[in-house]
Amino acid sequence: MSNLNKQAGNISEKPGISSPEITNISAINQIKNKRRQQPTSEELINGILEGNRTSLSRAITLIESTNPDHFEKANEVVQGCLAQANKSVRIGITGVPGVGKSTFIEAFGKHLTQLGKKVAVLAVDPSSSLSHGSILGDKTRMEELVKDENAFIRPSASGETLGGVARKTRETIILCEAAGFDTIIIETVGVGQSETAVHSMVDFFLLLKISGAGDELQGIKRGIMEMADAIVINKADGDNIKKANQAKVDFNRAMHLFPPKKSNWQPKVTTCSSITKEGISEIWNTISDYFEMTKKNGFFQEKRHEQNQFWIMETINEQLKSNFYNQPEIISLLEQNKKAVQNNEISPFAAASELLKLYFNKGAKAQSDKGSK
């Protein structure tokens, strides 16, 4: 026997000795079976209306699912919660990566829960364009808020949605409102032209900035500035206070260059520190003033109506796109046409036209077959 085999024999387990059974096998099987059982739409709705967070989380997972089999059930849940929705205020928070969105939201959220508010945070994490994965680390960054019984944090992957708004964020808002949360905060991935998607589902749009980033005036994105109802210069603490105050002056000047808002609200610029909590209460006071004014002049409800109409069209576009790409014949022809386009055998426009023609002919045939029955 070699030295290696001798060593292996010395450290191997002696026959006849088995690991003690420390877990009840039947209990494990019960847990597995329970996890496999999917609650009905009615059970999910009842759980959400009772404020059950497990039901809320499972329902959100259901509406985020891309499985076509889940679509109808998800719609039933959303429809069942609709009567108890629309009783919250919705706040969108955006800013470039590194501006301190998560830290700010934790400080802001804790302030709201201390005031007796029930806060739901819908944090959208960027998805990799290569692996399509997402870290979903917002709960880790909001250590205090995640333990607050009056707060609910739901991180979601942005997927392919431009602007960092999760595909089903709009429906998730409805579920959270039905579960009793009166303040909904939506954290987006970052600043971009398609942040209009966030603006189209919130009542108040807050833009976080930091001083010394070189964009006080020259690098300002006009579109995002025009949408903002308030600009907050974050990280106004320590040696950075002077710079933050100067940035506040610069942004105030810039805001006066924009045309008046339809709401008649004059956007406010302020500073805060998410670490020392300085300025956090003033931000909530500003938001409260906005809601008081817009509810009084009717703009709040008018905006909600416009958003509902917008989301009708968005949902139609989304469903058409999803239906198109899930047709087996389309999938097959699409791959053929991609190769043909790459080989310069057909133009991209002709290839697209051929695919759309097949799709519409299939739809017309399905309608004809349905009518003949």
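The values are calculated or read from the model by the stated rules, or taken from the named source; none is laboratory data. Given the structure is predicted, the values throughout are model-derived calculations rather than measurements. No Cβ is skipped: glycine too gets one built from the backbone with ideal geometry, and neighbour counts run over all protein chains shown.
Overview of results
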{"item": "Some residue of segment 301-319 being aromatic (Phe, Trp, Tyr), assigned by TED's automatic domain parsing to the domain that holds residue 90 and within 30 Å of residue 102 (Cβ to Cβ)", "result": "no"}
{"item": "Given (1) out of contact with any helix residue (DSSP H, G or I) (no Cβ under 7 Å at 6 or more places or on another chain); (2) at pLDDT below 90, number of the condition residue 282 does not satisfy", "result": "(2)"}
{"item": "Segment 43-90: number of residues that are modelled with pLDDT of 95 or more and touching an Asp or Glu at 6+ places or on another chain (Cβ under 7 Å)", "result": "2"}
{"item": "Residue that is under 21 Å from residue 89 (Cα atoms), at pLDDT below 90 and either in contact with a helix residue (DSSP H, G or I) (Cβ under 8 Å, 6 or more places away or on another chain) or assigned to a loop (DSSP other than H, G, I, E, B) (or both), where the choices are 231, 224", "result": "224"}
{"item": "Cross-chain or 6+ apart pairs with Cβ under 9 Å, segment 201-212 first and more than 19 Å from residue 264 (Cβ to Cβ), then part of a strand (DSSP E or B) and among the hydroxyl-bearing types (Ser, Thr, Tyr)", "result": "207/94; 208/94; 211/271"}
{"item": "Scope segment 75-93; condition of a type in the set (S, T, N, Q) and in a loop (DSSP other than H, G, I, E, B); matching residues", "result": "86, 88"}
{"item": "Residue 321 in contact (Cβ under 8 Å) with a residue 12 or more places away in the chain and not β-branched (Val, Ile, Thr)", "result": "no"}
{"item": "Close pairs from segment 251-270: first on the phi > 0 side of the Ramachandran plot, partner aromatic (Phe, Trp, Tyr) and crowded, with 17+ Cβ neighbours inside 10 Å, Cβ under 9 Å, at least 6 apart", "result": "264/299"}
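Matching residues to (1) surrounded by 14 or more Cβ atoms within 10 Å (Cβ to Cβ); (2) touching a residue at least 60 places away in the same chain (Cβ under 8 Å); (3) farther than 27 Å from residue 302 by Cβ:
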| residue | (1), (2), (3) |
| --- | --- |
| 43 | yes, no, yes |
| 46 | yes, no, yes |
| 51 | yes, yes, yes |
| 56 | yes, yes, yes |
| 65 | yes, no, yes |
| 68 | no, yes, yes |
| 84 | yes, yes, no |
| 94 | yes, yes, no |
| 111 | yes, yes, yes |
